[in-house]
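Let me begin by presenting the structure, written as structure tokens, before commenting on it.
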């Protein structure tokens, strides 16, 4: 094996199963390098993808006997609940299907190449690790919960609730190192969630700092009930923004914006706004923040000495303000901004500000001409979360599988063009809506059919996929086209089987079905620990080589918990005794799909039984009263 050329070894590996390739990596260092070849795992990801399954189905339809095709079309035309969109498309265009060529093998190779080019999630300037991609698409999902401080209640072991979450990132690599969350008692807690590397065992989610209670609310340590009311009254999701360069955090509490030094956990300045704060933009060095209240949008520049305390250094007065007067503001015609996105345009110097919320359009401001409105994009949906992908949105007309006349060269040209994509999680007529907007202005894509049966709460770019959460507690991963399904996971499965009581003791035999711990929890915010960036810079050398499978997700749930979602059999926080990478034992696509379907069916049946139990409790005793003289 040592004398064989690498090309020969890789060709041999292409015939092995995934489990055998993983075992091959442990033989020697050369085997480890060849066993993680990017091109090899790219083909494995494609082979187990929905795109390849669609291509195989198309191929079988084209080579089948014409009499079987007529029978299939006749069966498809019958009314029934199992009529799929693919069947309808095939029925409508059945007479226009391409016939088999004189060389079927050559035609099959050509169609496979087109399907591979169409599926490939990576862009020409992007470097995706397809070994990680395969793990994230097929390995089991585990969630490790961060330890919250005890509430100090004598009659029960109850923990504090996180009322928001932010992250501290390494400036060299852009990788999340710490999680920062305000708690319901007005304190601030910081955890070390740094990834494992050859020189660092990882943060393991340990608590590194905890401030005193009442820091953000201004109440005494004993007035926890008052602090809880103040911290939870507004209910803003985007209420934390962290400036990793300056080591400062910005926390919104009702109409107050506190600037906190994360090194000392002391408030350095406070600014009051005319209405309760509902959204904060990201905080970056030398760039003013954007603050959204119920009725206004403001620019907040921390370098302005007016917003500092009396102990603020005099150097703040020499800072250059951007965007004119810092006291000007934009007035909203409708209340409720929920998410603010900065610099989602072309180039690093872009000064665009995008505001979305309970109104049905995205508002675009230019920081240089604020508060004048630059433009709007009508959505029709109410957007709860905005995120960005630093690559262009490929038009639907260039789908090589569904548009046979589209060429591979046109697709590659569209992928190479400069641009960026805004990702929006929204709610449209009671259902979830995943929306993609290309910049410069392109025709948007809105997935309002298959995204979710409930409203979407948060969205982010995760590796070569898009992940979003919905109101049923689901986390769903789609391809970057916004409609090709990858996998799903329900957050309530993460708390099952951990010493909880049996579900039979709840429901109809209980006073309320909501007493079950973790029942009906949702994910309000998703933060990738490895943000997708157009830059190809690697991690710092002093941190060591990053371990495999460390691109996890930081989650904040509706129950006030903060957790890290990882892939594999081990705890993503690294608290298990075995440090081996068990994610190599990836499930097959069929097993994963079957398990996902079973979990979804179980959750649907549980919700139906809960509703039935509520009805039984409501009608209990009706008509059995006795009139007394």
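The values are calculated or read from the model by the stated rules, or taken from the named source; none is laboratory data. These numbers were taken from a predicted model, which means no experiment stands behind them. A quick note on method: Cβ atoms are made from the backbone with ideal geometry, for glycine too, and the neighbour counts reach across all protein chains shown.
Annotations for the structure displayed:
- Selection from region 319-348 of residues that are at pLDDT below 75 and either surrounded by 14 or more Cβ atoms within 10 Å (Cβ to Cβ) or over 19 Å from residue 245 (Cα atoms) (or both): 322, 323, 324, 325, 326, 327, 344, 345, 346, 347
- Failed item in (1) free of Cβ contacts under 8 Å to residues at least 40 places away in the same chain; (2) in a loop (DSSP other than H, G, I, E, B); (3) surrounded by fewer than 24 Cβ atoms within 10 Å (Cβ to Cβ); (4) in contact with a strand residue (DSSP E or B) (Cβ under 7 Å, 6 or more places away or on another chain), with residue 235 passing the rest: (4)
- Positions within region 122-142 being in contact with a strand residue (DSSP E or B) (Cβ under 6 Å, 6 or more places away or on another chain) and not in a helix (DSSP H, G or I), in sequence order: 139, 141, 142
- Some residue of region 570-586 being touching a helix residue (DSSP H, G or I) at 6+ places or on another chain (Cβ under 9 Å), outside any helix (DSSP H, G or I) and at pLDDT 80 or above: yes
- Top-ranked residue of region 400-439 - restricted to ones that are touching a strand residue (DSSP E or B) at 6+ places or on another chain (Cβ under 9 Å) and assigned to a loop (DSSP other than H, G, I, E, B), ranked as farthest from residue 471 (Cα to Cα): 419
- Taking region 158-204 as the range and being at pLDDT below 80 and touching a strand residue (DSSP E or B) at 6+ places or on another chain (Cβ under 7 Å) as the test, only 197 passes.
- For region 477-533, filtering for residues that are modelled with pLDDT under 50 and either on the phi > 0 side of the Ramachandran plot or in a strand (DSSP E or B) (or both) leaves 4.
- Any hit, region 53-76, residues being in contact with a helix residue (DSSP H, G or I) (Cβ under 6 Å, 6 or more places away or on another chain), modelled with pLDDT of 75 or more, within 19 Å of residue 135 (Cα to Cα) and in a helix (DSSP H, G or I): no
- Among the conditions (1) crowded, with 17+ Cβ neighbours inside 10 Å; (2) at negative phi; (3) at pLDDT 80 or above, the only one that residue 601 does not satisfy is (1).
- Condition check for residue 175: touching a helix residue (DSSP H, G or I) at 6+ places or on another chain (Cβ under 7 Å) and closer than 17 Å to residue 554 by Cα: no
- Residue in region 109-118 that is in contact with a helix residue (DSSP H, G or I) (Cβ under 8 Å, 6 or more places away or on another chain), under 22 Å from residue 449 (Cβ atoms) and at pLDDT 70 or above present: yes
- Extreme residue, farthest from residue 163 (Cα to Cα), among residues of region 205-217 that are touching a strand residue (DSSP E or B) at 6+ places or on another chain (Cβ under 7 Å) and not in a strand (DSSP E or B): 205
- Every condition in (1) at pLDDT 65 or above; (2) outside any helix (DSSP H, G or I) holds for residue 537 except the one numbered (1).
- Summed over region 356-399, residues that are in contact with a helix residue (DSSP H, G or I) (Cβ under 6 Å, 6 or more places away or on another chain) and either assigned to a strand (DSSP E or B) or without any contact (Cβ under 8 Å) to a residue 60 or more places away in the chain (or both) total 1.
- Against the criterion of being surrounded by 19 or more Cβ atoms within 10 Å (Cβ to Cβ) and in contact (Cβ under 8 Å) with a residue 24 or more places away in the chain, residue 181 qualifies.
- Residues considered: 351, 387, 379. Of these, the only one that is under 23 Å from residue 533 (Cα atoms), modelled with pLDDT of 90 or more, buried (at least 16 other Cβ atoms within 10 Å of the Cβ) and touching a strand residue (DSSP E or B) at 6+ places or on another chain (Cβ under 9 Å) is 387.
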